[in-house]
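S.K.: The structure that follows is given in the form of structure tokens.
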Amino acid sequence: MARKQQMLNDSSKTIGGAALLVVLLIVSAVLSSVYSNEESSGPVHSVQAGVGMVAAPLQFVGVGVAYAEDAAGDAIQNATASDSSYTQLRDENAQLKAQLAELQEYRGEAQRLQGLLDLSDKYDFSGVTGRVIGKGTDAWNRVVTLNVGSASGVECGLPVVGGSGLVGQVIEVSPLTCRVRLISDPQSGVSVVLQSNRAEGVVRGSIAGLLYLEDLDTSTEVNVGDTVITSGLGGSYFRGVALGTVVNVINAAGTSDRTIVVEPFSSADPLEELTVVLRMGSEGDLSGTSDASSSDGGSSEGGA
Amino acid sequence: MRESVLLVVGAVVAVVLQIVLAPNLVILGSMPDLVLVYVGIAAMLLRRDSVLVMAFFAGLVMDLVGTSTVGVCAGLYTLIAFLTSRAAGFFGNDTLGASLAISMGCFLLVEVLYAGFYILSVDVSVIEALGQRALPCALYDCAMALIVLPITTHMFAAAAPSHKAPTSSTVRLR
């Protein structure tokens, strides 16, 4: 009897759980549908942007954890040095260590900001520079959070550059923060031209983080070292921003298919400070006379 | 009541750790989903309807904190909480091995389902999505489960001192 009662209880519990599951799944499906069909200024997107802004301080703590990890790595390296040399160096450097670290930090920051300023001069754009305060919270999206938002003039769709070139695009804006999808994200696609022969294509990200140059005419000659710059087609990115160089061209045997791998200039930069480009004056390197990767500023004029 | 409070507190801690810690635990592009791990283990240990609600809201928060489609994680976490709970009821024999096997299956299912959703919405190949993300992430989740499982078991066991002898509602470590 007791066993029968227990079975009845279990059965009703299962039915209750299943009903709750169905209700929650329907709510999830409705939310997904609303999210997918509304514009980026829609209510669910707005709530997402607001929650992202609220979570930004937590993400900033996460960035701090990353720095702590680096410091711990340095400490381990120091600890594994030989005792005699370490003791000698420790006495010598004790007074200067903290000051040096501070100066190095300032110098690094100054160099990065100088790089952004150089880029700004080179392309004659106006933008707002922000600090990276958060990284993506899942493995599927390559996204960073900047501490500049709509209050600083940032809007969805604007391109974002680092010290060496294009980094990504703003996909979500709150008053104080914005989220940037990196060009290495599989959901990113940038219309580009090869600087050497003006062949047009699209650079797409991938799950592995590599950039692939696709939709290129099969007759177009592509060589390792060719510079890739944005074409401005589609309107998502300004024209003429340096993106990267071709580092590998893999031809498939027996067909005209080929895989072209592009290494972004921005891969050499730490993702710490980035500039959201608000307005573009001239059109960068489309004149084709400069090497986009050169540090001398190259020719910033040219193009339309 | 105390278990419910702990359930919510655990979820909050998992969400905070996912935001603060998980982005710094990336290995070859794979990141653990600590919220998923917590939801799966909590569902396995408690087997209550309240876990479904917790899973839904934890997923919803992760949807809102992240940049993916709102509702996807909420639905997946709810589904996995239900399945894990039922699987633990049918197959669980209160050993670490059985618990891990159930967790592993559920984590893999979530990652594969998410990969399926991702493939439908983004132009990536099945091999790339499964081989480079879903499977490594599921393995990473399983590794995290080895840490989260004892902590969560201890937490819920401590919260329920008046329960009967732990013959079926706790995991016995072997």
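The values are calculated or read from the model by the stated rules, or taken from the named source; none is laboratory data. Computed from a predicted structure; not experimentally measured. Neighbour counts run over all protein chains shown; Cβ positions are idealised from the backbone, glycine included. Areas reflect the complete protein model, heavy atoms only, side chains present, ligands, DNA and RNA absent. Shrake-Rupley method; radii C 1.70, N 1.55, O 1.52, S 1.80 Å.
S.K.: Leaving ligands and nucleic acids out of the surface, order B:Arg47, A:Arg90 by accessible area at 1.4 Å, largest first.
M.R.: Greatest to least solvent exposure: A:Arg90, B:Arg47.
S.K.: Here's another thing I want to ask about it. In deg cm²/dmol and to the nearest 500, what is the mean residue ellipticity at 222 nm of chain B if only DSSP H runs of at least 4 residues count, each as -39500 (n - 2.57), divided by the residue total?
M.R.: Theoretical 222 nm ellipticity from helices: -24000 deg cm²/dmol.
S.K.: Which whole number gives the average count of other chain Cβ atoms within 10 Å of the Cβ atoms across peptide A:207-220?
M.R.: Mean partner-chain Cβ count within 10 Å for A:207-220: 2.
S.K.: May I ask for the Kirkwood hydrodynamic radius of the stretch B:1-85, worked out over all distinct Cα pairs and given in angstroms to one decimal?
M.R.: 12.8 Å
S.K.: Now, a different point. Considering only protein heavy atoms, with the full assembly of protein chains and a 1.4 angstrom probe, order B:Phe82, A:Phe60, B:Phe156 by accessible area, largest first.
M.R.: Highest to lowest solvent-accessible surface, that is A:Phe60, B:Phe82, B:Phe156.
S.K.: Further question: Order the following by accessible area, largest value first: A:Met280, B:Met104. Probe radius 1.4 Å; ligands, DNA and RNA are ignored.
M.R.: Sorted descending by solvent-accessible area, the residues read B:Met104, A:Met280.
S.K.: What net charge do the residues around A:Ala208 carry, taking every other residue with its C-beta under 14 Å from that of A:Ala208, with Lys and Arg at +1 and Asp and Glu at -1?
M.R.: 0
S.K.: Rg/Rh for the stretch B:51-96 to two decimals, with Rh computed the Kirkwood way over all alpha-carbon pairs.
M.R.: Rg divided by Rh gives 1.13.
S.K.: Same structure, new question: Give a residue-ordered list of calculated ³J(HN,Hα) values for the stretch B:69-82 (Karplus: 6.51 cos²θ - 1.76 cosθ + 1.60, θ = phi - 60°; whole Hz; x for Gly, Pro).
M.R.: 4, 5, x, 5, 5, 4, x, 5, 5, 5, 4, 6, 4, 5
S.K.: Average partner chain C-beta neighbours within 10 Å, per residue of B:72-82?
M.R.: Average per residue, whole number: 5.
S.K.: Quick query: amide H of A:Lys135 versus all other amide H atoms, modeled in the peptide plane; which residues come in under 5 Å with a sequence gap of 5 or more or a different chain?
M.R.: Under 5 Å from the amide H of A:Lys135: A:Thr145.
S.K.: Here's another thing I want to ask about it. Inside 10 Å of the C-beta atoms of A:138-147, what's the mean count of C-beta atoms belonging to other chains?
M.R.: 6
S.K.: With every protein chain present, what accessible area does A:Glu263 have (1.4 Å probe, heavy atoms only), rounded to the nearest 10 Å²?
M.R.: For A:Glu263, the solvent-accessible surface is approximately 90 Å².
S.K.: Binned at 10 Å from 0, what are the whole-percent values of the Cα-Cα distance distribution for the stretch B:2-157, short to long?
M.R.: Distribution as computed: 12, 44, 36, 8, 0 percent.
S.K.: Need one number for the stretch A:109-218: average projected area of the convex hull over its C-alpha atoms, nm².
M.R.: 7.9 nm²
S.K.: Moving to a separate point now. Quick check on packing: order B:107-115, B:139-147, A:175-183 by the mean number of other C-beta atoms within 10 Å, highest mean leading.
M.R.: Final packing ranking: A:175-183, B:107-115, B:139-147.
S.K.: Which percent of Cα pairs goes in each bin when the distances of the stretch A:162-208 are cut into 5 angstrom slices starting at zero?
M.R.: 5, 18, 20, 23, 18, 9, 4, 2, 0
S.K.: Hey, what did the stretch B:2-157 get for relative contact order, percent, Cα under 8 Å, at least 6 apart?
M.R.: With pairs under 8 Å counted, the relative contact order is 27 percent.
S.K.: Once both axes come from the Cα atoms, what is the angle between helix B:96-121 and the longest principal axis of chain B, in degrees from 0 to 90, rounded to 10?
M.R.: 30 degrees
S.K.: Just to confirm the number: angle between the C-alpha axis of helix B:49-65 and the first principal axis of chain B, 0 to 90 degrees, nearest 10?
M.R.: 30 degrees
S.K.: Turning to a different aspect of this structure: Can you list the HN-Hα couplings for the stretch A:38-50, worked out from phi with the Karplus curve (6.51, -1.76, 1.60; θ = phi - 60°), rounded to whole Hz and with x for Gly and Pro?
M.R.: Result, ordered by residue: 8, 7, 5, 9, x, x, 5, 4, 5, 4, 4, 5, x Hz.
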